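Student: Have a look at this one before I ask anything.
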Amino acid sequence: MKPSSHMLLPRGQQRGMLFLVLLLIALMGTLAFVSFETEPILDISSSEVREAQDQLDSLRMLALEKKSPKIYPFNPNFMTEYRAYVLGVAPEAWERLQTFRSQEKWINSAADFQRVTGVSDSLLNVLQPYFKFPEWVQRAKRPSAKNYAQQVVPKEQRIDLNLATISELQQVYGIGPAFSKRIVEFRDRLGGFSDDRQLYLVWGLNDSTVTKVLQRFTVKDPKPLLKLNLNTASASDLATLPGISFETAKKLWEFRRLREKITHLSDLEKIEGLTARELRVFQLYLSVE
């Protein structure tokens, strides 16, 4: 009888082959019954990782803002297609401007620009501070004080001060781009005007200019105005009033303590050193109840 071929191998090789077979069987069993899944080294859902990601996003946005082109004053009559793109003006709005200019017509105000291009109020508010018209245009469209007296509007026909746009405010004699923007920004900080007299609190506006504005604008939808009780408020509470420093608040609080109780807000006029603006703030935001 002829022996099988594997029996012809040397004993050492037979043992090696047997070991290899057993090793393969062991590996197959391990793969079948043992899980090699491991916990991730970094938990990307952790608060630390999210905070780090937020910081990276903030830095990335800051870098993008630095790369964005700086806007310089310009005459909108000569707006190029590239400038329109950078400023966010839609192609169809720019084309309307070009059609208007091709007829030898000129844009002489922000209101003209909006009428011709059809841009939104929000975009106009962004662009208007950068509009630069020739000085003769500014002089021509600026009404004289004499003529302004004829432009007083009946109260029921006045524009709501909480809805007035920057371009509408500039129709008032004495209100230019800086003041109109400042009025809108002050209104936004308040969350809306509650009283016509709050317009006197806009920094830099004198009484005569405010009077002119209120001849054409008024608060028609007043926002709720919470008043502090002067007889119970602390100096810290009083310092939260718009434009009131802690020193002025402390002076008011000490005045109240000396008199134990204030019965009428007009008594505050006796406090030495108070400005007319501060007295208006007290009239608006304080009560003696």
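Student: Give me the one-decimal nm value for the distance between modelled label points at THR30 and TRP203, 7 Å along each residue's Cα-to-Cβ direction.
Tutor: Distance between the two pseudo-spin positions: 7.4 nm.
Student: To continue, here is another question. Counting alpha carbon pairs within less than 8 Å and at least 6 residues apart, what relative contact order, in whole percent, applies to region 76-139?
Tutor: 34
Student: Ok, one more. After finding the eigenvalues of the alpha carbon gyration tensor for region 147-218, what semi-axes result from the square roots of 5 times each, listed largest first in whole Å? Mind showing how you got there, number by number?
Tutor: Numbers: eigenvalues 61, 37, 25 Å².
Semi-axes (√(5λ), whole Å): 17, 14, 11.
Student: Next question. May I ask which of LYS227/LYS251; LYS181/LYS220; LYS220/LYS270; LYS181/LYS227; LYS227/LYS270 have a Cα-Cα span longer than 29 Å here?
Tutor: Result: LYS220/LYS270 exceed 29 Å.
Student: When you have a sec, figure out the Kirkwood radius of region 76-139 from all distinct Cα pair distances and drop it here in Å to one decimal?
Tutor: Computed over region 76-139, the radius equals 11.9 Å.
Student: Can you compute the FRET efficiency between ARG277 and SER234 using 1/(1 + (r/R0)^6), with r the Cβ-Cβ distance and R0 = 22 Å? Round to the nearest 0.05. Don't skip to the answer; put the middle values down first.
Tutor: On the way: r = 22 Å, r/R0 = 1.01.
My answer for the efficiency is 0.50.
Student: Let me ask something else. Determine, for ILE271, ILE25, ILE166, the number of other Cβ atoms within 10 Å of each Cβ, and report the residues in order from fewest to most.
Tutor: Ascending Cβ contact count within 10 Å gives the list ILE25, ILE271, ILE166.
Student: Subtracting the Cα-Cα distance from 0.36 nm times the residue separation, let me have the gained length for VAL126 to LYS227 in nm, one decimal. Write out the running numbers ahead of the final one.
Tutor: Numbers: separation 101, 0.36 × 101 = 36.36 nm, distance 3.38 nm.
Once the chain is fully extended between VAL126 and LYS227, it gains 33.0 nm.
Student: Lys and Arg at +1, Asp and Glu at -1: add these up for the other residues within a Cβ distance under 15 Å of ASN206 and post the number.
Tutor: Summing Lys and Arg as +1 and Asp and Glu as -1 gives +4.
A short reminder: the numbers here are calculations on the coordinates, not readings from a lab. All values reported here derive from a predicted model rather than from experimental measurement. With ideal geometry, Cβ positions are generated from the backbone for all residues, glycine too; neighbour counts draw on all protein chains shown.
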